[in-house]
Amino acid sequence: MEEQDPGQWKRTVIDASAGAIAGGISRTVTSPLDVIKIRFQVQLEPTTSWALLNGHISRPSKYTGMFQATKDIFREEGLWGFWRGNVPALLMVMPYTAIQFTVLHKLKTFAAGSSKAENHINLSAYLSYVSGALAGCAATVGSYPFDLLRTILASQGEPKVYPTMRSAFVDIISTRGFRGLYAGLSPTLVEIIPYAGLQFGTYDTFKRWTMDWNRIRSSNTSSTGADNKLSSFQLFVCGLAAGTCAKLVCHPLDVVKKRFQIEGLQRHPKYGARVEHRAYRNMSDALSRIVQAEGWAGLYKGIVPSTVKAAPAGAVTFVAYEYASDWLESILT
């Protein structure tokens, strides 16, 4: 047991570091889509022009589509407006992905009885889903306050209500108390269980299918040894599919989470109505009230930028993790 400790610690360092690198790259690359998604999710008014035409809406909507939102943000806030809230996003996503991949590897090691990554691919789909869900829960609790700050800073436009991350933090503590830093945690955990489970479970499933396809394709040749090695493009496609599947299923809970995160906080009038303090009693009440006031489409506000973002975000995260992990392993061995 003593002899295994150095190797286990090295594996933990590799998983945590590779996860942090992958998360940082993915978050920075996809930040513009994330900003647009958040603006849609926290807007109580309709986010599509056809909804405005068909409904009886007394207030005009600030954002009425991806193209219009992109033009508005660029015109009013410049290019850097698309990276608003990226610092707390990085502070959130880097420990998040570090914790997530570390816990995931530990759980898979326990389930497979081996710490070797090549043995983890043979785990059943059920164990892959459960490992992903538990890893997502651990990562969410560990990094949640930064997620909340990211949402608040990304949801505001110009003029800024909170000029810095510190001013947002101080206002949350003064108006909500320490518990305010975990506003929306319940729907987040409810969301992350199926989301992380689906993301990691489907990723492993797609990897297995691709490996099988590679073996079938190479069965007519004499080459061996490369059958189980996936190309960067294949990893990208597996991550793309996994991210898309997870996001489409879990988006309504993400909308509810965002509403809880900005509940009762200041909002410039030109961005429309704000979510009042204690607007929702709990998660189920929030779901029913959103449907009642905004229709079923309200639960899918931001679904287009969210899905467009989720696919490359998942793909970049998994590819960056695989490459960073291999690179770190070559350095440390």
- Determine whether region 197-206 contains at least one residue that is at pLDDT 80 or above, over 24 Å from Phe318 (Cβ atoms) and among the β-branched types (Val, Ile, Thr). no
Among (1) open to solvent by 50 Å² or more (accessible area, probe 1.4 Å); (2) in contact (Cβ under 8 Å) with a residue 24 or more places away in the chain; (3) among the β-branched types (Val, Ile, Thr), Thr164 falls short only on (2)
Scanning region 8-41 for residues that are within 22 Å of Phe74 (Cβ to Cβ) and among the polar types (S, T, N, Q) gives Thr28, Thr30, Ser31, Gln41
Taking region 169-180 and keeping residues under 22 Å from the mean Cα position of the chain (by Cα) and either at pLDDT 90 or above or assigned to a loop (DSSP other than H, G, I, E, B) (or both) leaves Phe169
Those residues of region 137-161 that are open to solvent by 60 Å² or more (accessible area, probe 1.4 Å) and in contact (Cβ under 8 Å) with a residue 60 or more places away in the chain come to a total of 1
Does region 294-303 include one or more residues that are assigned to a helix (DSSP H, G or I) and under 15 Å from the mean Cα position of the chain (by Cα)? yes
- Task: Determine, yes or no, whether Gln100 is at pLDDT below 80 and buried (at least 18 other Cβ atoms within 10 Å of the Cβ).
- Result: yes
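Here is a yes/no grid of residues against (1) among the charged types (D, E, K, R); (2) open to solvent by 10 Å² or more (accessible area, probe 1.4 Å); (3) within 17 Å of Glu45 (Cα to Cα):
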{"position": "Lys229", "(1), (2), (3)": "yes, yes, no"}
{"position": "Ser232", "(1), (2), (3)": "no, yes, no"}
{"position": "Gln292", "(1), (2), (3)": "no, yes, yes"}
{"position": "Ala320", "(1), (2), (3)": "no, yes, no"}
{"position": "Leu328", "(1), (2), (3)": "no, yes, no"}
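The values are calculated or read from the model by the stated rules, or taken from the named source; none is laboratory data. All of these numbers come straight from a predicted model, not from anything done at the bench. As a convention, Cβ positions derive from the backbone with ideal geometry for all residues, glycine included, and neighbour counts pool all protein chains shown. Each accessible area value is taken on the protein alone, full model and side chains, heavy atoms only, with ligands, DNA and RNA left out. Shrake-Rupley method; radii C 1.70, N 1.55, O 1.52, S 1.80 Å.
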